Each structure stands twice: as C-alpha cells, then as structure tokens.
Amino acid sequence: MLDAPEVPDAEYDRLFGELQALEAAHPELLTPDSPTQRVLGQLLAGFAPVRHAVAMLSIRTETDTEASGAINFDARVRRELGLGDEAPPVVYAAELKFDGLAINLRYEQGVLVQAATRGDGETGEDVTQNIRTIGQIPLRLQGSAPPVLEVRGEVFMRRDQFERLNERQRERGDKTFVNPRNAAAGAVRQLDPAIAARRPLSFFAYGLGEVQGWAQPDTHSATLDAIEAFGLPVCADRTVANGADGLVAFHRAIGAARDALPFDIDGVVYKVNSLALQQRLGFVTREPRWAVAHKYPAQEQMTTLERIEIQVGRTGKLTPVAKLAPVFVGGTTVSNATLHNLFELRRKGVRVGDTVIVRRAGDVIPEVVGRVPGPRAGYVPNFRMPRICPVCGSAARRELGGMDYRCTGGLFCGAQRKQAMLHFAGRRAMDIEGLGDKLVDQLVDSGLIRTLPELYTLGVAKLSALDRMGEKSAANLVAGLEKSKQATLPRFLYALGIRQVGETTAKDLAKHFGSLDRIMDASVEQLLQVPDVGPIVAQSIRTFFDQPHNREVVEQLRAAGIHWAEGEGAVDSAAPQPLAGKTLVLTGTLPTLSRDEAKALIEAAGGKAAGSVSKKTSFVVAGEEAGSKLDKARELGVPVLDEAGLRALLAAPSGGAATEMTASD
Ligand code: IVH
C-alpha cells in the first residue's frame, strides 16, 4: 500500500471481511498471496529487516460501534473462561486505540538500541534513526532498567501538527497527506532521517515485547504504570474497567471526548487486565482472545461528488467546496467538504461525478482527500475556477506564483465586509476608536451598515438602538469616526486593505506619487518605479483600482469627508536625512524605544524599516531577546547596533557618517 491507501479503512475492512467469509465458505479459492494471509504491511527496500523476538500481533476488531460491541466481547471472555452468571465481573484495562503505526522499541541495559516497525508481524524494518528524532522517546530509561526490555506502542502525528504540515505542503504546491496516520507512516519510513526529523511525531506505549531479567507486574494496567515510570509516554486516558458496564461507560465517555482529543483515534481497546487470565485465554490464529479493538464511526468515507461550489472567505480567498451525497463520517452527516484550492483538486485528479474519500476528524473542516480509485491517467478536469467573485461580481484573480484565487473587490465584497471594516478602523489605518470586532459584527449582522462608507452615516440615535450600546459609547464612536476623517494619504491607502500593500508600501507609494488620484491611475510600469514595489505588488494595486466598485467606495469615502493634505508624505527635503537609502531591521526589545517609535524615527530620518534581514540590510538594531534575525545578521555579516547605536546614527549629520560607523561595529 506504500502508505497511500486507495480506499478508506472502513471500506477496506468491509471488503476484507467479505473476502474472509468467501474463503471460509470456499477454501479452494484461498491462495497463499491472499490479503487475508498477511498480517500487515510489506518490507520496503532501504531498511534492514528486523526479526521480532516476540511476534507483533494484531487485535480483533469489533466493528459494531454500539455498546453491544463491548457487551459481546465481555460475554465471549466470560464464556471462554468458563465463568457462570454468578461469577464476579472480569476486570479490564481500557485504553485508546491510537491511529498511527506500531513500533517496537528495544532497550538493552536501559539504552535504546533498536526501533522497528511491525512489518508482517514476524519481521519488521529497522527505523531506529528516524525514531530517535522523536523527542518523547527516551534514549535511556529512567530508574534501574532490566537487561532487555522491549516496549511497544504507537507512533502518530497530532492533528494540529498534521494540519500545519499539510498547510505548508499546500503553500508550496506539494502533495498533501491524506490523514495523520499516513503522514506519520511516511515520516517513520522516510529514508532521509533529516526529513523525518522535520515531521513532528508523537508516541504512546501500550505494551511489551521481549523482556529479560524483569519481574513484570501481574496486571496490564500495572505494567503500563511501570513503563511510564521508566520514562516512556503512556496516554493518561485509560482506566481499569469492571465488566461489560465498565467497558460501555469507557466507550461512551471517550466517544464523547473524541473530537476534542488532540489526535485521531479509531476506537478504544479492551484488554483483560490479569496476565494470568490472559494466559488462560491464549490466542486464535494471530489474535489474542483477551483483547479487542472497539471501533467508533469511521473518520473517512466514500461518497459521490455532486457539484463544486465556490465559497468566498473573509480575506477574499475563493475556496472550491465539494457538494456531496450526504454521508455519515466521523459521527455526523456531511454534505459539504473543502477541496482547498484548484491545484490540490487537480493533483488529486478529482472530477464532478467521482466517488471521493471524505475525511472529518475533530473540529477540522471536512475535506475531500482523494478519489476512488486513486488519481487517473489522462485526467481532464470538469471544473474551472470562476473569473468573477460569486458574491460581488468583482474580478477573481490568482497572484503570480500563488495557489489561491481571490476576489479583488476587497472594499465592496459582502464576504469581506467585516474584515475590511476592521482593517480600515485599525490603529495603524484610520484609527477609529471604539470600532472593534464585536461592534463590526453587530453593525453588519443587524443590517445597520452594508458598505464601508455607510460607517460615516452612523449617528448616536442609530447606534444607541444596538444591543449593549449605551448613549455614551455611541457618542464616543461618532466622535472617533469624526476624528478619523482627518487622515494622511499613507494611512488611507493602507486602510483600503489592498493585498500586498502594507504600511511601508503605502508610505512609499504616497511619497512617490504624492496624490491618491495619481496612484489610482498609475500603470503597472509606473508603479514599478516605486522603490521596493515588484510585479506582484504593482499588479495587485492595479487590479484593485481597476474594480469600478472599489473606486466607487473610495469616492464615497472622500465624499463622506475623509481628507488629507495632498503631497503630504512626499519627501520633505528640508529635514536632515541621515538614513537616506539605508534599510534597517529591528529585532528584540529596545530599552526605551517601542518598536513603533524606533520605526518612526528611522523613517523620519529617510531610512526604511524592513521586516527581514538580507544582504541588502544596512543595519540590524537588536534589543533584548533578539532572535533569528540577529543570527541571520551575524551569518550575513550585517552590522548590528543597539539602541544607543541607532540614536547615534540618527543624530549623524549625513548618510556618510553613518557608513563610517559600520566599520567600527
Ligand atoms: S495492543 C496483542 N493497544 O492497533 C495486542 N494496540 O491490531 C497488540 N493499537 O497495529 C496490540 N492502540 O499498533 C494495542 N492501545 C493499543 C493500541 C493498539 C493502537 C494498534 C497497534 C496495532 C493494532 C492492533
């Protein structure tokens, strides 16, 4: 399967069961290479084989996800132990069934000497190098360790780590992983340990393999306590349960908590707690009679992709959303799932009408992870990203080199309304005091305002009608709005929320063009004349002002009374410019200047405050707890100053003096 299964597990289990039944009824059809004859997995070239001293078994799966699954298991155990109705309840150890891959850790004299995958149960793969990169796994046991102790458990990836990994893959246009288990399996069997080390993995121990020279406690739960005392991670969500009732209660409690767990589980595991009783029960083929995995509804299912719709997010991102034939997955019925973006959809080879695999785990939005069977040859998509925003009709564009299509009607688009208002009102933008996210929600949700310029039509009477809005705070907001009308061109430009136009670019634009009208009418070529404005930024500005709706909003804002002195922000040639042409990067906490103050001083002196260090950086100004930027500066040989050094630079009469200072740094 090469860590990339073609059908969801639940479907595999069903087909596997069918095949088993068929082979039982018709033994003449059974072949040695039937999947039923193999425990799991295959050896990959590249890893040395490891013969397990004690075979790594699997456990029987109870696919009945109701309480009856637990009741039947307990009844079976009691029958096999020959217990009558009057006999006391059997005591069980109840644990989570982690959804990762099984690993055997071999400790000799307390030192980790080998880590192996399960492989076919008899022979696994030596993955010691990769497993050593998992910080949670001790390389040396605590306390007095026996000569030989093999600890078995599950390597898995937490859900948040998995999401982050896929997010990174997506940003780079790389292949994403179907689920945390595949990502974990891929990392463990990654031939390059450096890559494995970058995939964040976790581990929980759940049992033992070979043991020499150690008196194992006589119950499973006490064995787990001992493993924990040796310094290995054991999941705290476990209990000692009495009889069927105890098992049912555990299954129910964990089922309710499942979505809130930081990792995937596909069920719980019940084990007869007494090792003596385990021995009496023994094994059937390769499965112990004393343990069972009691499943929960699967987190992956197959269904039909009926349509693809476009959803516009708060930031204008257009996301293709799969409209599915409703399917029960991860405990709820799902009929919408994200397809993330066009490129991922294409890489998965998904077409409308296909049978697809949907995954829903935890609080994560359900997603289409692939099609059944896998990607096809000669794939021709039957879906196109719209070229206009389905919410507002503005152009939808993809940035150069970007993965996402976005609506370019930032100020006008209903989907982006709240975000646009919040940004507009922000401290570094129009600085409208009293307009925070709760109020924006209220204003928009109540229908009081629909467009950004309507903000300026709000009066105390209208505002006081809102929930929890007293006359005083209403009056304050109105005053804040009034005050914000006196703006500056860079602030106003920044407030418009044009993609790629941050504060620094806004200032550069204002300085270069001197008036809003000139910026709105500038061609891409003219925009490229502005220092530090590249093709992506230039195109973004041009596209923004090409949307008639955005222009309309700008005009309405001006008509509402927002004004600034034109030409302001253009270079004031009278002021001394000791930092003209210099780029500085601030890092860490300076003793007296705040980040904003330092930045303002640098800019007033004609310099630029940049966010990241490169060869072009003139100086790095480092304060306390300076981090990677300082390292980068040292690496690149960029001169480093402290606050006093910065002040000396600012006081210097010209750029020339500043340059000289660097020599002594
Ligand atoms: S005990 C003899 N306990 O489920 C019993 N297994 O088929 C050996 N698993 O691949 C397994 N959580 O990796 C056990 N708490 C748990 C488990 C667990 C997950 C996995 C294990 C194996 C499969 C069992």
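The values are calculated or read from the model by the stated rules, or taken from the named source; none is laboratory data. From a predicted model like this one, the values you see are computed outputs, not experimental measurements. Positions of Cβ are backbone-derived with ideal geometry, glycine not excepted, and every protein chain shown enters the neighbour counts. Just the protein is used for accessible areas: all its heavy atoms, side chains included, with ligands, DNA and RNA removed. Shrake-Rupley method; radii C 1.70, N 1.55, O 1.52, S 1.80 Å.
How about region 279-290: which of its residues are more than 9 Å from the ligand (Cβ to nearest atom) and either of a type in the set (Val, Ile, Thr) or closer than 24 Å to Ile254 by Cα (or both)?
Correct list: Val284, Thr285, Arg289.
Just the residues that are open to solvent by less than 60 Å² (accessible area, probe 1.4 Å) and either over 13 Å from Gly173 (Cβ atoms) or of a type in the set (Asp, Glu) (or both), please, taken from region 333-347.
Of the residues in region 333-347, the ones open to solvent by less than 60 Å² (accessible area, probe 1.4 Å) are 334-335, 337-345.
Within region 333-347, Val334, Ser335, Ala337, Thr338, Leu339, Glu344 qualify.
Out of curiosity, is Leu496 among the aliphatic types (A, V, I, L, M), under 20 Å from Phe424 (Cα atoms) and modelled with pLDDT of 95 or more? Write out each step before concluding.
On the way: among the aliphatic types (A, V, I, L, M): yes; under 20 Å from Phe424 (Cα atoms): yes; modelled with pLDDT of 95 or more: yes.
The answer is yes for Leu496.
Out of Leu247, Leu232, report the one residue that is in a loop (DSSP other than H, G, I, E, B) and within 16 Å of the ligand (Cβ to nearest atom).
Details: Leu247 fails: in a loop (DSSP other than H, G, I, E, B).
Unique residue meeting the criteria: Leu232.
Checking the structure you have, find out if any residue of region 81-94 is assigned to a strand (DSSP E or B), within 13 Å of the ligand (Cβ to nearest atom) and either open to solvent by 50 Å² or more (accessible area, probe 1.4 Å) or closer than 18 Å to Glu154 by Cβ (or both).
Residues of region 81-94 that are assigned to a strand (DSSP E or B), as a first pass: 91-94.
From the residues that got through so far, the ones that are within 13 Å of the ligand (Cβ to nearest atom) too are 92-94.
If we keep only those that are either open to solvent by 50 Å² or more (accessible area, probe 1.4 Å) or closer than 18 Å to Glu154 by Cβ (or both) as well, we get 93-94.
Within region 81-94, one or more residues are assigned to a strand (DSSP E or B), within 13 Å of the ligand (Cβ to nearest atom) and either open to solvent by 50 Å² or more (accessible area, probe 1.4 Å) or closer than 18 Å to Glu154 by Cβ (or both).
For region 582-631, give me each residue that is basic (Lys, Arg) and out of contact with any strand residue (DSSP E or B) (no Cβ under 8 Å at 6 or more places or on another chain). Quick ask: steps written out before the conclusion?
Taking region 582-631 and keeping what is basic (Lys, Arg), we get 582, 595, 599, 608, 615-616, 629.
Within region 582-631, Lys615 is the sole residue that qualifies.
Those residues that are buried (at least 19 other Cβ atoms within 10 Å of the Cβ), among the hydrophobic types (A, V, I, L, M, F, W, C) and under 25 Å from Tyr107 (Cβ atoms), I need them from region 146-170; list them, please.
Scanning region 146-170 gives Leu149, Val151, Val155, Phe156, Met157.
Of all residues being within 19 Å of Leu208 (Cβ to Cβ) and either of a type in the set (Lys, Arg) or open to solvent by 10 Å² or more (accessible area, probe 1.4 Å) (or both) in region 125-136, which is farthest from the ligand (Cβ to nearest atom)? Just the residue, please.
Of everything passing the filter in region 125-136, Thr128 is farthest from the ligand (Cβ to nearest atom).
Go over the candidates Ala293, Ala298 one by one and state the one that is within 25 Å of Gly255 (Cβ to Cβ), within 16 Å of the ligand (Cβ to nearest atom) and open to solvent by less than 10 Å² (accessible area, probe 1.4 Å).
Working: Ala298 fails: open to solvent by less than 10 Å² (accessible area, probe 1.4 Å).
After applying the criteria, what remains is Ala293.
Right, Phe98: open to solvent by 10 Å² or more (accessible area, probe 1.4 Å), under 27 Å from Ala361 (Cβ atoms) and either in contact with a helix residue (DSSP H, G or I) (Cβ under 8 Å, 6 or more places away or on another chain) or within 15 Å of the ligand (Cβ to nearest atom) (or both) or not? Break it down stepwise before answering.
Working: open to solvent by 10 Å² or more (accessible area, probe 1.4 Å): yes; under 27 Å from Ala361 (Cβ atoms): yes; either in contact with a helix residue (DSSP H, G or I) (Cβ under 8 Å, 6 or more places away or on another chain) or within 15 Å of the ligand (Cβ to nearest atom) (or both): yes.
So Phe98 passes the test.
Of everything in region 102-113, what is open to solvent by 50 Å² or more (accessible area, probe 1.4 Å) and under 13 Å from Glu210 (Cα atoms)? Give them in sequence order.
Correct list: Glu108 only.
Within the set of pairs 6 or more residues apart or between chains, which connect a residue that is in contact (Cβ under 8 Å) with a residue 60 or more places away in the chain inside region 542-564 to a residue that is outside any helix (DSSP H, G or I) and basic (Lys, Arg) with Cβ atoms less than 7 Å apart?
Thr543/Arg397; Gly561/Lys485; Ile562/Lys485; His563/Lys485
Give me the pairs: first residue in region 196-216 and more than 14 Å from the ligand (Cβ to nearest atom), second residue among the aromatic types (Phe, Trp, Tyr) and open to solvent by 40 Å² or more (accessible area, probe 1.4 Å), beta-carbon distance under 7 Å, and six or more apart or on different chains, which are they?
That search, which allows pairs on different chains as well, returns nothing.
Scan region 171-181 and tell me whether some residue there is assigned to a loop (DSSP other than H, G, I, E, B), more than 34 Å from the chain's Cα centre (by Cα), surrounded by 18 or more Cβ atoms within 10 Å (Cβ to Cβ) and more than 16 Å from the ligand (Cβ to nearest atom). Can you show your working first?
Of all residues in region 171-181, those assigned to a loop (DSSP other than H, G, I, E, B) come to 172-179.
Now restrict to residues that are more than 34 Å from the chain's Cα centre (by Cα): none.
No: region 171-181 contains no residue that is assigned to a loop (DSSP other than H, G, I, E, B), more than 34 Å from the chain's Cα centre (by Cα), surrounded by 18 or more Cβ atoms within 10 Å (Cβ to Cβ) and more than 16 Å from the ligand (Cβ to nearest atom).
Among the residues that make up region 70-87, is at least one of them free of Cβ contacts under 8 Å to residues at least 12 places away in the same chain and of a type in the set (S, T, N, Q)?
yes
Out of all the residues in region 254-283, which are out of contact with any helix residue (DSSP H, G or I) (no Cβ under 9 Å at 6 or more places or on another chain), over 18 Å from Thr239 (Cα atoms) and touching a residue at least 12 places away in the same chain (Cβ under 8 Å)?
Within region 254-283, Asp259, Ala260, Ala276, Phe283 meet the criteria.
Out of Val151, Val113, which single residue is outside any loop (DSSP other than H, G, I, E, B), within 15 Å of the ligand (Cβ to nearest atom) and not aromatic (Phe, Trp, Tyr)? Spell out the reasoning first.
Details: Val113 fails: within 15 Å of the ligand (Cβ to nearest atom).
Result: Val151 is the single residue among Val151, Val113 that is outside any loop (DSSP other than H, G, I, E, B), within 15 Å of the ligand (Cβ to nearest atom) and not aromatic (Phe, Trp, Tyr).
Out of (1) within 12 Å of the ligand (Cβ to nearest atom); (2) surrounded by fewer than 19 Cβ atoms within 10 Å (Cβ to Cβ), the odd one out for Glu122 is which?
With (1) within 12 Å of the ligand (Cβ to nearest atom); (2) surrounded by fewer than 19 Cβ atoms within 10 Å (Cβ to Cβ) applied to Glu122, the lone miss is (1).
Could you please find all residues in region 51-66 being surrounded by 16 or more Cβ atoms within 10 Å (Cβ to Cβ), more than 14 Å from Lys295 (Cα to Cα) and of a type in the set (D, E, K, R)?
none
State yes or no: is Ala276 at pLDDT below 95, open to solvent by 30 Å² or more (accessible area, probe 1.4 Å) and more than 16 Å from the ligand (Cβ to nearest atom)?
Numbers: at pLDDT below 95: no; open to solvent by 30 Å² or more (accessible area, probe 1.4 Å): yes; more than 16 Å from the ligand (Cβ to nearest atom): yes.
So Ala276 does not fit the description; no.
Exactly one condition in (1) at pLDDT below 95; (2) within 15 Å of the ligand (Cβ to nearest atom); (3) surrounded by 13 or more Cβ atoms within 10 Å (Cβ to Cβ) is false for Leu43; which is it?
Leu43 satisfies every listed condition except (2).
Taking Gly313 as the residue in question, decide whether it is touching a helix residue (DSSP H, G or I) at 6+ places or on another chain (Cβ under 6 Å) and of a type outside the set (A, V, I, L, M, F, W, C). Give the derivation first.
Working: touching a helix residue (DSSP H, G or I) at 6+ places or on another chain (Cβ under 6 Å): no; of a type outside the set (A, V, I, L, M, F, W, C): yes.
Judged against the criteria, Gly313 is not a match.
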